[in-house]
Amino acid sequence: MATPSATPEAAVQVKRTIAAPREKVFEAWVNPKLMAQWFTRAKNNPEVRVIEADARAGGKYLVETPCEGKLFRIQGTYRVVRPPEKLVFTWWWEGADFEQSLVTVEFRALGKSAFTELTLTHEQLPATQREEHRKGWEGCLDLLETAVQAPANG
């Protein structure tokens, strides 16, 4: 279950414990085929398209996802790619009324790595966007958890 945490005023933070090794959870964030299974807050959304996911510092990503009657084109640049422990990337979508923001995802192995503690921090969001982004990330992480626990997801 996602747990909101105290963070700087302009950030959203969500933590999740996932029953999968961190290498598998990290891979789901950088492999386009796996990203398409969960990178949306709308459940049962087979129309997610990962157009680009060049997971290296300076590489770009572009994802299209229909949600609530709109098509969102989410894009950014990877700043840090440190498998399997950390990702940092910029975040922006076409039509957003704010400059790009910053997402940091940290993956920590728990126990003998059968579980992963994922901490997502989304910074530089306007106050009007924080709650919607929190809900969006919580929905995405629900789907991520299901995707990485599926027997054959790669």
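Charge dipole (Cα centre; +1 on Lys/Arg Cβ, -1 on Asp/Glu Cβ; no other charges) of the stretch 52-146 amounts to roughly 380 debye. Among the GluC sites (Glu not before Pro) within the stretch 28-94, those in coil by DSSP and having at most 11 neighbouring Cβ atoms inside 10 Å are 68, 94. As a length-normalised measure over Cα pairs under 8 Å and 6 or more apart, the relative contact order of the stretch 3-149 settles at 30 percent.
Tell me, which longest segment in the chain has none of the trypsin sites (Lys or Arg not before Pro) that fall in DSSP loops with at most 14 further Cβ atoms within 10 Å? Value returned for the longest uninterrupted segment is 57-111. Approximating the spin labels as points 7 Å out from Cα along Cα→Cβ, the residue 130-to-residue 79 distance works out to 1.9 nm. Our coupling estimate for the stretch 55-64, obtained by passing each phi through the Karplus curve with A = 6.51, B = -1.76, C = 1.60 and θ = phi - 60°, is 6, 8, 4, x, x, 10, 9, 8, 10, 10 Hz, Gly and Pro reported as x. Of the labelled options (i) 22, 18, 16; (ii) 56, 13, 12; (iii) 24, 20, 12, which one gives semi-axes √(5λ) of the Cα gyration tensor in Å as computed for this structure? The listed entry that was calculated here is (i).
Read-outs throughout are calculated quantities, based only on the coordinates presented, and are distinct from any laboratory measurement. Not measured: the values here are computed from a predicted model. Methodologically, a virtual Cβ is constructed for each residue, glycine included, from the backbone with ideal geometry; neighbour enumeration extends over all protein chains shown.
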